[in-house]
1. Just to be sure before I move on: is Leu346 buried (at least 21 other Cβ atoms within 10 Å of the Cβ) and over 21 Å from Ile95 (Cβ atoms) in the structure I sent?
2. Would you check if there is a residue in the range 124-146 being in contact (Cβ under 8 Å) with a residue 12 or more places away in the chain, of a type in the set (D, E, K, R) and over 26 Å from Ala357 (Cβ atoms)?
3. Which residue, of Glu159, Glu205, is within 30 Å of Trp319 (Cβ to Cβ) and in contact with an Asp or Glu (Cβ under 8 Å, 6 or more places away or on another chain)?
4. Kindly establish whether Asp116 is in contact (Cβ under 8 Å) with a residue 24 or more places away in the chain, among the charged types (D, E, K, R) and closer than 21 Å to Gly277 by Cα.
5. When residues of the range 269-294 are filtered for being modelled with pLDDT under 95 and over 18 Å from Phe385 (Cα atoms), how many remain?
6. Looking only at the range 37-77, count how many residues are open to solvent by 10 Å² or more (accessible area, probe 1.4 Å) and either under 16 Å from Pro322 (Cβ atoms) or of a type in the set (A, V, I, L, M) (or both).
7. Taking the stated definitions as given, is Tyr165 in contact with a Pro (Cβ under 7 Å, 6 or more places away or on another chain) and either open to solvent by less than 10 Å² (accessible area, probe 1.4 Å) or in contact (Cβ under 8 Å) with a residue 40 or more places away in the chain (or both)?
8. Tell me yes or no: at least one residue of the range 355-372 is at pLDDT 95 or above, over 23 Å from the mean Cα position of the chain (by Cα) and of a type in the set (A, V, I, L, M, F, W, C).
Amino acid sequence: MFTARRRVVASALILTGSLLLTSCGNSDSESSDGKTLTLWHYEGSDSAMGIAWNEAIKEFKATHPGVTVKFEAKGFEQIQKTASMVLNSSDAPDIMEYNKGNATAGLLSKQGLLTDLTAEATKRGWDKKLSAGVKTTSQYDSNGVMGSGKWYGVPNYAEYTMAFYNKDMFKKYGIAEPTTYDELTAAMDKFVAKGITPLANAGAEYMAQQYLYQLALSKADRTWVDKYELYKGKNDFHDAAWTYAANTFADWVKKGYIAKTSSGTKAEDAGVSWIQGKSPILFSGSWWYGRFESEAKFDWDSGLFPGSNLTLGSGGNLWVVPKGAKNKNLAYDFIDITMSKKIQNLLGNKGGVPVAADASAITDPKTKTLISNYNTLSSRDGLAFYPDWPVAGFYDTLVSETQKLITGSEKPDAYLDNLQKAYDKGVPQQ
């Protein structure tokens, strides 16, 4: 989520079988021609999910002879901004990846744009393969609030955020990799003294707001998260955690930990700058893992954000079936394949966080660390979702307001005031 989130923009490509698209029929029909599966997602082709899902497409074709797969790669922002319009038209795909959370999948479910998957989740055993924490974002009530109600999406991976460290840069400048928060700030001070901006950042998309939310989480607990994300109490943006986060983030900009020029930078640019060795640290999600393994030409590792029991994370983005999908049974079959051991094990070995893999089948050392850290988070109930989830449109508010903190055109107090106004306006009436 991205999430939120919060994703690497994929280049457009189309994978097709031997038959031409000839679907037709009633938008609420369980099947139309039964010969075409139209699939959208926004994962990079070299990401763990992209690799696993390409293999799932091959498996689907092998088990569905005579069926064409029409795959269209989309950008995260593209789907984020146009989903409601597209799903309310005759152009809806049969299955698509969509961001989880109240403001995204929850909103679409409330608008009646998604298919209820409850019966399929039970019949095909998806509900048994997902842990309670991961299931949270699969189910939504009549108000579009996650955690209970009907199944409107299925994640086949999990995700969480972490600090990625360029070990070669730390070694080159004689700086120790941090294991505590104080060590983190001390290391960043040393990089600044060397003329290096420590943190790769993207103010124009999700990354900057996630830095700030992580700072808040370092001063928060589960009750705080539930108030913010699930409306279990009054959320106050001027409480100790949010105030600390806004002030500290603004201070990080002043100290040179974050470049003011990053206010207009996108997540792809930040990721590429880290891959190119321009910044020693990037705080972002496990969705980058496979790409970093394939493209980073230096020694690197990752770790949980130091000094915090909570971090951003959840079950992965959802497979959703639009209400207007013309070939729903084919969509269900495809979801089932992505939940199979074969695809789950592949996803794990390519740097993803699978939800139903054989632990013994994961052989990559870095991936073992990735999954071990995820298990640590899960065991302490440390997944705190994403900052843009609670209310519709909050992602754009967080982007624009956090950009102002980066440029210095807005003070932390005004920043928190504006978040409070947007949040209160969007919270559904219970």
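1. Answer is no for this residue.
2. No: the range 124-146 contains no residue that is in contact (Cβ under 8 Å) with a residue 12 or more places away in the chain, of a type in the set (D, E, K, R) and over 26 Å from Ala357 (Cβ atoms).
3. Being within 30 Å of Trp319 (Cβ to Cβ) and in contact with an Asp or Glu (Cβ under 8 Å, 6 or more places away or on another chain) holds for just one of Glu159, Glu205, which is Glu205.
4. no
5. Selection size over the range 269-294: 6.
6. 9
7. It is true that Tyr165 is in contact with a Pro (Cβ under 7 Å, 6 or more places away or on another chain) and either open to solvent by less than 10 Å² (accessible area, probe 1.4 Å) or in contact (Cβ under 8 Å) with a residue 40 or more places away in the chain (or both).
8. Looking through the range 355-372, none of the residues is at pLDDT 95 or above, over 23 Å from the mean Cα position of the chain (by Cα) and of a type in the set (A, V, I, L, M, F, W, C).
The values are calculated or read from the model by the stated rules, or taken from the named source; none is laboratory data. Note that the structure is predicted; figures quoted are calculated from it, not measured. Methodologically, a virtual Cβ is constructed for each residue, glycine included, from the backbone with ideal geometry; neighbour enumeration extends over all protein chains shown. Note: areas computed on protein heavy atoms with side chains; ligands, DNA, RNA excluded. Shrake-Rupley method; radii C 1.70, N 1.55, O 1.52, S 1.80 Å.
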